[in-house]
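S.K.: Input: one structure, supplied below.
The values are calculated or read from the model by the stated rules, or taken from the named source; none is laboratory data. Note that this is a predicted model, so its numbers are computed, not measured. When we count neighbours, we look across all protein chains shown, and the Cβ atoms used for this are built from the backbone with ideal geometry, even at glycine. All accessible areas refer to the heavy atoms of the entire protein, side chains included, with ligands and DNA or RNA removed. Shrake-Rupley method; radii C 1.70, N 1.55, O 1.52, S 1.80 Å.
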Amino acid sequence: MSGVNLMKTTALIMAGGRGERFWPKSRKSLPKQFLSLTNDGKTMIQLTVERILPLVAIADIYIATNESYRGLAQAQLPNLPAENILCEPVGRNTAPCIGLGAIHILKKYDDAMMLVLPSDHLIKQKTLFLKTLRNASQVAEENSNLVTIGITPDYPETGYGYIRFDEEGSIGQAYKAAQFVEKPDLETAKVYFESGQYLWNSGMFVWKVSSILEKMEHLMPETYQGLKNIQQAFGTEKEESVLKDEFSKMRSISIDYGILEHADDIYTVPGSFGWDDVGSWLAMERINPTNEFGCVTSGNLVMVNTKNCILQGGEKLIATVGVQNLIVVDTPDAILICHKENAEDIKKVLENLRICNRNEYI
């Protein structure tokens, strides 16, 4: 294995999600990746771009998002070339999204290393993170290897998918990925954790553009043909209409289901760099300091006998008395009050709003 990655390194940052578990701050018009959830004032997508700049030039970073978020992406990433904001006409999960990014990178380079990263993760140890990406790139440069970044588990988590790895056939610091498994129940998660043979599936990937497109041609031929049709329309007056037509016809499927579970040369590089997928309001306790009463707070607050709460306010005064283990989030048109044990059920509020046709709150 070569010691230095000599290929041009590019990145695709996936930023099309809704972040529904961060309602009412996260809305259809301003989803989680465009919010600031840390005390440095930077948004999730700004932090994602910033942390990879030592590895990837800004001109080689691509954002895949929804057409309605183009303006947000341009405003928050003013140094990013406008043509690098790739707008999907409809959401089709990660496999078509990654394919679209790959053919746009091919437009610029004959081949390149491609980092695929979600836009809404936080990483505390940036130097270790970059080292992990470099290690993954070296493995991906060999043959047609596809590399995932697996997170070394701290505890038996039921909210993540897992990757079972096999130390036989490892390359450098990458293990052979033997199996991808869905989110487990608690007992299964304990077995995974105690075995030492499983990593959390972070949804971060590294591969050559040629490698992932080759796999798509073999394992997802209809999607691949659609991508070729889009690629042939680049630079013509039909580019937008062909994109809309072909992308809309693609099967909505994740890259895990479409490619990784069926290909042979899949490897995983374990990562321990302070990763957090910031999945719900509960993440605020992990990513921000708590006060002496175990509360994470922002805004105009008065707290009396208040413990272990997440309180996110604005200009309006929020007063809490004798409460604990609550999430309270105030926005100009909506207030959320939720017990921390039920944080995953915030999505049900949105389901009810849709049923009641109260779309102004979504």
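S.K.: What lysines could a cross-link reach from residue 244, if we take a straight Cα to Cα line under 18 Å and drop same-chain neighbours fewer than 8 places away?
M.R.: Candidates past the 8-residue exclusion: 228.
S.K.: For the chain, take the longest principal axis of its alpha carbons; what is the angle in degrees between that and the long axis of helix 94-108, to the nearest 10 within 0 to 90?
M.R.: That works out to roughly 50 degrees.
S.K.: Please list, or write none, the lysines whose alpha carbon is within less than 28 Å of the alpha carbon of residue 316, excluding same-chain residues fewer than 8 places away.
M.R.: Partners within reach: 25, 28, 32, 42, 307, 340, 347, 348.
S.K.: Ignoring ligands, DNA and RNA, what accessible area per residue does segment 119-264 give at 1.4 Å, in Å²? Could the numbers behind the result be given before it?
M.R.: Numbers: 7210 Å² over 146 residues.
The answer is 49 Å² per residue.
S.K.: Okay, next question. Just need the relative contact order of the chain here, percent rounded to a whole number, with Cα pairs under 8 Å and 6+ apart. Can you show the working numbers first?
M.R.: On the way: 701 pairs, mean separation 68.9, N = 362.
Relative contact order of the chain: 19 percent.
S.K.: Now for a separate question. Could you tell me whether segment 237-312 comes out rounded, prolate or oblate from its Cα gyration tensor? Rule is a ≥ b ≥ c as square roots of the eigenvalues, rounded for a/c under 1.5, then prolate if a/b exceeds b/c, otherwise oblate. Please report the intermediate quantities before stating the final value.
M.R.: Values: a/c = 4.26, a/b = 1.95, b/c = 2.19.
Oblate is the answer for segment 237-312, as a/c is 1.5 or above yet b/c matches or exceeds a/b.
S.K.: Related question: Taking Cα atoms, how many degrees apart are the long axis of helix 126-141 and the longest axis of the chain, rounded to 10 and kept between 0 and 90?
M.R.: Relative to the chain, helix 126-141 is tipped by roughly 30 degrees.
S.K.: Would you be so kind as to identify which of 243, 95, 220 lies farthest towards the positive end of the dipole of the chain, taking Lys and Arg as +1 and Asp and Glu as -1 on Cβ and the Cα centre as origin?
M.R.: Result: 243, furthest along the dipole toward the positive end.
S.K.: Now a separate question. Please give the net charge around residue 181, taking every other residue with its beta carbon less than 13 angstrom from that of residue 181, where Lys and Arg add +1 and Asp and Glu add -1.
M.R.: Details: positive: 164, 183; negative: 157, 182, 185, 256, 261.
Residues near residue 181 contribute -3 overall.
S.K.: Something else now. What is the Cα centroid distance between segment 179-241 and segment 125-165, reported in whole angstrom?
M.R.: Centre-to-centre distance over Cα atoms comes out at 14 Å.
S.K.: Continuing with the same structure: Determine the gain in length on full extension of the stretch residue 307-residue 67; use 0.36 nm per residue of separation and subtract their C-alpha separation, reporting nm with one decimal. Each step should come with its number before you reach the end.
M.R.: Working: separation 240, 0.36 × 240 = 86.40 nm, distance 4.18 nm.
That pair, residue 307 and residue 67, stretches by 82.2 nm at full extension.
S.K.: Then there is this: Pick from 53, 117, 12 the residue whose mean-square fluctuation is largest in a GNM of the chain, springs joining Cα atoms under 10 Å.
M.R.: Highest fluctuation among the options: 53.
S.K.: Tell me the label-point distance for the pair residue 251, residue 74, using the 7 Å Cα-to-Cβ offset, in nm and rounded to one decimal.
M.R.: 3.6 nm
S.K.: Does segment 3-141 come out rounded, prolate or oblate, given a ≥ b ≥ c as the square roots of the eigenvalues of its C-alpha gyration tensor, rounded meaning a/c under 1.5 and, failing that, prolate meaning a/b above b/c? Walk me through the intermediate numbers first.
M.R.: Values: a/c = 1.90, a/b = 1.33, b/c = 1.43.
Note, shape of segment 3-141 comes out oblate.
S.K.: Related question: Please compute the net charge surrounding residue 225, taking Lys and Arg as +1 and Asp and Glu as -1 over other residues with Cβ under 13 Å from its Cβ. Write out the running numbers ahead of the final one.
M.R.: Details: positive: 228, 249, 251; negative: 217, 222, 245, 246.
Net charge around residue 225: -1.
S.K.: Of the accessible area of segment 22-123, with the probe set at 1.4 angstrom, what percent is carbon plus sulfur? Write out the running numbers ahead of the final one.
M.R.: Working: 1800 of 3510 Å².
Here it works out to 51 percent.
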